[in-house]
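Taking it in order: structure first as structure tokens, then the write-up.
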Amino acid sequence: MNARAWQRKDLLGIAELSPAEIQLILDTAESFREVAERPIKKVPTLRGKTVINLFFEASTRTRSSFEIAEKRLSADNLNFSTSGSALEKGETLIDTALNLEAMSPDLVVIRHRYPGVPHLLAGRLRSGIVNAGDGAHEHPTQALLDAFTIRRHKGRLDGLTVAIVGDIEHSRVVRSNIHLLTKMGSRVRVAGLRTMLPAGLEALGAEVFTDLEPAIAGADVVMMLRIQTERMNRKLFPSAREYFRLFALTRERLRAAREDAIVMHPGPMNRGVEIASDVADGPQSVILEQVAAGVAVRMAVLYLLSGVREEEA
Ligand code: NCD
């Protein structure tokens with residue numbers, strides 16, 4: 001598949017993407033990667049296009065990564081700050097979005113605590129919608145940047161064993177990753193405390209573990225996740241100290257994985273809770289490479305969704 005064959009106006013989730021579409025995004029990101037290494041980090045690709053970033057939830061990496069990707073593509077961008085907006089005066093989300101759309105943006109990047117909000121907007125707005133995380137549902141650009149990072153290290157995605165460990169229940173990252181990795185031929189294992197393992201993971205194609213060691217045994221990739229206390233309405237784990245004892249990735253435990261295994265984390269990390277500091281900063285960690293990959297992947301997604309390909313054609 002080449003860029004001309006791309007049909008979608010929105011990127012809402014990985015669930016609906018075909019392996020060929022995933023491959024195209026990753027290959028396109030590969031061609032944007034070197035922009036970050038140039039003395040002048042800018043290409044004219046999205047000149048004259050407007051992107052609105054609508055973040056209704058906290059974000060460090062995803063928000064700055066989209067902003068930088070937009071600027072490197074020469075798009076005009078606006079960061080809509082939800083605090084201090086008319087949403088605090090009772091305006092509905094749809095009204096806010098329709099008003100922003102009246103200013104003719106080409107793309108809207110949205111993060112929201114409720115699953116399905118990007119899908120709702122995609123049905124109402126002409127602009128392309130990019131899901132930057134909807135509740136515990138999907139976070140497609142995170143899974144794409146994870147896959148990009150894995151592919152750079154392992155040369156492929158098919159036939160790999162990827163262990164994802166932590167708060168599986170509240171993680172949109174894990175859901176998008178299970179979809180992506182299984183579509184691309186990886187074996188996915190998920191592990192967590194019984195209270196953090198929702199039903200239905202096997203149906204998505206993942207193998208489920210309630211202990212860390214067997215889950216990471218022989219794995220090519222070990223991906224650790226944060227405990228999302230902000231999404232818990234009841235206590236699901238004993239204490240940070242107890243959690244560390246049971247489920248943290250330490251140097252000793254990492255020995256169970258393949259010798260050349262890479263260690264990943266989408267951030268934000270809680271050092272000393274799900275991951276030991278020496279592992280996070282150790283030779284197998286690719287955590288900061290994931291962040292670098294995020295910019296290239298988001299440039300690729302914005303480019304493909306913007307429709308500039310047809311204008312070029
Ligand atoms: C994650 C998120 O917000 O889904 N972070 C990210 O986007 N890199 C994971 C998290 O909050 O733990």
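The values are calculated or read from the model by the stated rules, or taken from the named source; none is laboratory data. If you're wondering where the values come from, they're calculated on a predicted model, not measured in any experiment. Every residue, glycine among them, receives a Cβ derived from its backbone with ideal geometry; neighbour counts consider all protein chains shown. Quick note on the areas: whole protein, heavy atoms, side chains included, nothing else; ligands and nucleic acids left out. Shrake-Rupley method; radii C 1.70, N 1.55, O 1.52, S 1.80 Å.
For the peptides 96-109, 223-236, the ranking by packing is 96-109, 223-236, with the highest mean count of neighbouring Cβ atoms within 10 Å listed first. Taken over segment 17-129, the convex hull of the Cα atoms encloses 127 Å³ per residue.
Among beta bridges from DSSP that stay inside segment 1-151, the antiparallel ones total about 5%. Ligands, DNA and RNA left out, the 1.4 Å accessible surface of segment 158-233 is 46% carbon and sulfur atoms.
With all protein chains in place and a 1.4 Å probe, the accessible surface of segment 1-153 carries 51 percent carbon and sulfur.
Sorted into 5 angstrom bins from 0, the C-alpha pair distances of segment 179-313 split as 2, 9, 16, 19, 19, 15, 9, 5, 4, 2, 1, 0 percent. What is the sum of charges around R151, taking Lys and Arg as +1, Asp and Glu as -1, for the other residues whose C-beta is under 14 Å from the C-beta of R151? Value of the local net charge: -1. In segment 26-87 the Cα-Cα distances spread across 10 Å bins starting at 0 as 20, 45, 28, 7, 0 percent of all pairs.
For the chain, complete DSSP H runs whose alpha carbons reach 20 Å or more along their own long axis and whose mean Kyte-Doolittle score is 0.0 or higher are 19-33, 287-306.
From the Kirkwood radius over Cα pairs of the chain, Stokes-Einstein at 4 °C and 1.567 mPa s returns a whole-number translational diffusion coefficient of 65 µm²/s. Helix content alone sets the calculated 222 nm mean residue ellipticity of the chain: runs of n ≥ 4 DSSP H residues at -39500 (n - 2.57) each, divided across all residues, give -11000 deg cm²/dmol. With 24 Å as the limit on Cα-Cα distance, the pairs of K9/K89; K183/K235; K42/K154; K9/K183 that go past it are K9/K89; K183/K235; K42/K154. Accessible surface area normalised per residue over the chain is 43 Å², counting heavy atoms of protein chains with a 1.4 Å rolling probe. Taken as Cα centroids, segment 273-287 and segment 84-98 sit 41 Å apart, rounded to the nearest whole angstrom.
When all alpha carbon pairs of segment 127-219 are counted in 10 Å bins from zero, the resulting P(r) reads 17, 49, 29, 4, 0 %.
When Rg and the Kirkwood radius Rh are both evaluated on Cα atoms of segment 69-180, their ratio Rg/Rh stands at 1.04. Among residues other than R175 with Cβ under 11 Å from its Cβ, the summed charge is -2 (Lys and Arg +1, Asp and Glu -1). Distances between placed amide hydrogens fall under 5 Å for G135 paired with H112, R113, Y114, all partners being 5 or more residues away or on another chain.
DSSP beta bridges confined to the chain are antiparallel in about 5 percent of cases.
Split the accessible area of segment 237-313 by element, probe 1.4 Å, and carbon with sulfur accounts for 52%.
Of all DSSP beta bridges confined to segment 76-226, the antiparallel ones make up roughly 5%.
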